[in-house]
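Comments concern the structure below.
The values are calculated or read from the model by the stated rules, or taken from the named source; none is laboratory data. Bear in mind the structure is a predicted one, so any value in this text is a computation, not a measurement. For neighbour counting, all protein chains shown are included, and Cβ atoms are generated from backbone atoms with ideal geometry for every residue, glycine included. Keep in mind that these areas ignore ligands, DNA and RNA; they rest on the heavy atoms of the full protein, side chains included. Shrake-Rupley method; radii C 1.70, N 1.55, O 1.52, S 1.80 Å.
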Amino acid sequence: MTKANEEKTPPASEKNATVEIIIKLFWDSRKGVKDFAAAQKVEQEIAGLAAQVAAAEPNTAAHADALEYHYYMLLWLAKLATGKAERKQIRGRAYEAGAASVSILLQQEKQTDLHAVFSASNLAGNLIREEKRYQDGLRWMRESSTLLVRMAGKKKLPKSILHYKWYTQDYFIALAHYHLGDKKLAKQIVKRILRLAPPLDKASWADLKGIAKAAELFAKIQLDELKASREAKEK
């Protein structure tokens with residue numbers, strides 16, 4: 001989990017006792033002494049319990065929750081690892097579990113809440129910002145955005161969710177395109193975010209942070225264009 005999303009975990013499952021055990025193990029592991037060996041034992045226990053859920057209730061919301069918390073546990077374990085190669089290997093396992101969880105959530109026939117939207121966005125944001133895996137992150141963020149729009153249908157989104165779409169989903173989509181070299185599309189997206197944003201003197205603290213991120217990316221694109229223009233003139 002990124003720092004921004006670290007505490008924004010989905011609610012505990014009310015239908016599967018094993019998933020609730022997994023969730024408790026994860027949060028308990030975050031308390032007390034930060035010890036890699038102890039955390040590794042917890043991760044192995046969570047992996048075993050997640051496998052039990054997969055066998056008992058495959059491709060269900062409970063299965064997705066089990067995998068999601070295994071993903072969180074692996075990210076935590078990677079933070080505690082001291083070797084660079086070991087951290088990379090653990091994070092690779094984490095994103096496999098995270099992607100599997102999100103895939104299951106997105107396949108659910110009835111989406112009754114925003115759990116799948118937020119889970120896909122969190123995974124995508126981590127892939128783009130932390131892992132620099134822009135293509136993978138872009139794919140998951142598009143999935144998240146598409147689901148949000150589909151769930152909204154013709155209804156007008158509440159401001160909080162609408163701003164989430166702009167400052168999280170749209171921003172990360174623009175950031176991924178920027179790093180993938182499509183700066184023209186990235187610029188179009190951030191210009192739209194800034195155009196739709198509320199006036200600064202009426203924006204909330206959270207909105208101001210989102211606007212600032214979009215403005216910073218817009219400025220980077222502008223600087224890149226100025227640099228390219230000057231280099232072209234000097235040739």
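Descriptive notes on the structure:
- For the stretch 191-202, the criterion of a residue being touching a helix residue (DSSP H, G or I) at 6+ places or on another chain (Cβ under 6 Å), farther than 20 Å from LEU127 by Cβ and small (Gly, Ala, Ser) is satisfied by at least one position.
- Considering residues of the stretch 100-112 that are part of a helix (DSSP H, G or I) and farther than 16 Å from SER145 by Cα only, the residue most open to solvent (accessible area, probe 1.4 Å): ALA100
- The stretch 50-65, residues that are in a loop (DSSP other than H, G, I, E, B) and either open to solvent by less than 30 Å² (accessible area, probe 1.4 Å) or among the acidic types (Asp, Glu) (or both): GLU57
- Single residue of the stretch 72-94 satisfying the filter (part of a helix (DSSP H, G or I) and in contact (Cβ under 8 Å) with a residue 40 or more places away in the chain) that is most open to solvent (accessible area, probe 1.4 Å): ARG91
- In the stretch 113-127, the residue that is farthest from GLU96 (Cα to Cα) out of those that are among the hydrophobic types (A, V, I, L, M, F, W, C) and surrounded by 24 or more Cβ atoms within 10 Å (Cβ to Cβ) is VAL117.
- Residue selected from the stretch 12-49 under the condition touching a helix residue (DSSP H, G or I) at 6+ places or on another chain (Cβ under 8 Å) and among the β-branched types (Val, Ile, Thr), by the criterion surrounded by the most Cβ atoms within 10 Å (Cβ to Cβ): ILE22
- Hits in the stretch 177-205 - residues which are among the basic types (Lys, Arg) and either under 17 Å from TYR167 (Cβ atoms) or modelled with pLDDT under 95 (or both): LYS187, LYS191, ARG192, ARG195, LYS202
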